[in-house]
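Here is the structure we will look at, set down as structure tokens.
Coordinate-derived values only; no laboratory data. Everything quoted here is computed from the prediction, not taken from an experiment. A quick note on method: Cβ atoms are made from the backbone with ideal geometry, for glycine too, and the neighbour counts reach across all protein chains shown.
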Amino acid sequence: MAGNRTFTMIKPDAVKAGHIGAILKMMNDAGFKIIAMKYTKLSPEMAGKFYEVHKERPFYGELVEFMSSGPIVAAILEKDNAVEDFRKLIGATNPAEAAPGTIRKLFAKSLGENAVHGADSDENAKIEGNFHFAGTEMFD
Ligand code: DAT
Ligand code: MG
């Protein structure tokens, strides 16, 4: 059964470019409900831990540096089939390959600085949500 929650971040490039409002509106219009949300900044240690699965990839250092370079918006979102539908809303990792109308097509600068994160499975959505939020910061 598909889970009903996902985890997202609006990344430093999109925050810096002033796209928080436009991106949140797209999430809202697509039917995602906010369960938790914060404006925050990751330390290099936190970014490194969050992306630990990519530790062996050649872009890991660059990714950690970018994700800790400025403030982000982190959120847990709820909707039927949340993980899959949210990945559709954000589009492919590389904005050059993202479908028209997707968040990454509209707002991402490059493969490395691609505007938003979306969890890739129900299991990771839960792990990532719990990494950023205490239970007392989540509201149905
Ligand atoms: P996604 O964010 O679509 O789940 P991913 O999990 O494969 O993609 O990679 C995590 C992030 O790392 C991605 O959003 C941007 C960066 N990244 C991925 N592949 C990259 C590459 N080849 N060069 C530079 N950055 C990359
Ligand atoms: Mg991923």
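So the values come out like this:
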read-out	value
Long-range amide H partners of residue 36 with built H, under 5 Å	76, 139
Percent RCO, i.e. relative contact order, over the chain, from Cα pairs under 8 Å lying at least 6 residues apart	38
Tensor-based shape of the stretch 5-134 (alpha-carbon gyration tensor, a/c under 1.5 rounded, otherwise prolate or oblate)	rounded
For the stretch 1-62: rounded, prolate or oblate by the Cα gyration tensor [a/c cutoff 1.5]	oblate
Calculated FRET value between residue 28 and residue 137, using beta carbons and R₀ = 22 Å, to 0.05	0.70
Cα gyration tensor, the stretch 62-138 - rounded (a/c under 1.5), prolate or oblate	oblate
Helix runs (DSSP H) in the chain reaching 15 Å along axis by Cα, Kyte-Doolittle at least 1.0	none
Whole-angstrom gap from the stretch 1-77 to the stretch 97-133, using each part's C-alpha centre	7
Whichever lysines have a C-alpha closer than 20 Å to that of residue 11, once near sequence neighbours (fewer than 8 apart) are set aside	25, 33, 38, 41, 49, 55, 88, 105, 109, 126
